[in-house]
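Engineer: Just passing along the structure, written as structure tokens.
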Amino acid sequence: MNGIANARQLRATMTDAERRLWSRLRNRQLAGAKFRRQFPIGPFVADFACTECKLIVEADGGQHADNLADERRTAWLAKHGWHVLRFWNPDILTRTDDVLATILAALEQSDI
């Protein structure tokens with residue numbers, strides 16, 4: 001499956017945590033930053049990406065614990081100028097405001 005088809009499939013099957021986060025990131029609600037969901041970047045699809053500040057936000061479930069593939073992916077993205085923030089799904093669902101505050105701090109550091 002190519003990147004665009006994969007992104008479309010992922011958009012259609014978002015997790016509860018992804019839906020919660022998207023409801024707060026979409027339409028420039030956070031600091032006026034434009035986020036895209038399930039956005040293809042090179043060989044990967046980022047859960048959420050703000051292209052103007054090269055910030056990626058990932059919503060991670062249990063399958064991401066100590067995942068070497070995620071480490072390689074983050075290293076590739078960093079090499080290409082992206083900053084990656086990762087949050088566990090339970091944190092997104094129970095501490096949404098804290099997660100958004102962390103994302104906001106990253107946006108402010110990028111001077112969007």
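Engineer: Quickly run through region 22-52 and pick out the residues that are free of Cβ contacts under 8 Å to residues at least 60 places away in the same chain, closer than 14 Å to residue 103 by Cβ, touching a helix residue (DSSP H, G or I) at 6+ places or on another chain (Cβ under 8 Å) and surrounded by fewer than 19 Cβ atoms within 10 Å (Cβ to Cβ).
Structural biologist: Matches in region 22-52: 34 only.
Engineer: Give region 82-102 a look and list any residue that's loosely packed, with under 14 Cβ neighbours inside 10 Å and either within 14 Å of residue 19 (Cα to Cα) or in contact with a helix residue (DSSP H, G or I) (Cβ under 6 Å, 6 or more places away or on another chain) (or both), or say none.
Structural biologist: Once the filter is applied, which keeps residues that are loosely packed, with under 14 Cβ neighbours inside 10 Å and either within 14 Å of residue 19 (Cα to Cα) or in contact with a helix residue (DSSP H, G or I) (Cβ under 6 Å, 6 or more places away or on another chain) (or both), region 82-102 yields 90, 94.
Engineer: Given the criteria touching a residue at least 40 places away in the same chain (Cβ under 8 Å), more than 16 Å from residue 15 (Cβ to Cβ) and aliphatic (A, V, I, L, M), does residue 92 qualify?
Structural biologist: Considered against the rule, which asks whether it is touching a residue at least 40 places away in the same chain (Cβ under 8 Å), more than 16 Å from residue 15 (Cβ to Cβ) and aliphatic (A, V, I, L, M), residue 92 comes out as no.
Engineer: Then there is this: With respect to residue 20, determine if the residue is under 19 Å from residue 107 (Cβ atoms), within 12 Å of the chain's Cα centre (by Cα) and charged (D, E, K, R).
Structural biologist: So residue 20 does not fit the description; no.
Engineer: Next question. Grab the helices (runs of 4 or more DSSP H) fully contained in region 10-112, keeping just those with 2 or more residues being of a type in the set (D, E, K, R) and modelled with pLDDT of 95 or more.
Structural biologist: Correct list: 16-25, 96-109.
The values are calculated or read from the model by the stated rules, or taken from the named source; none is laboratory data. Please read all numbers here as calculations on a predicted model, not as lab measurements. Counting neighbours? That spans all protein chains shown, and the Cβs are built from the backbone with ideal geometry, glycine included.
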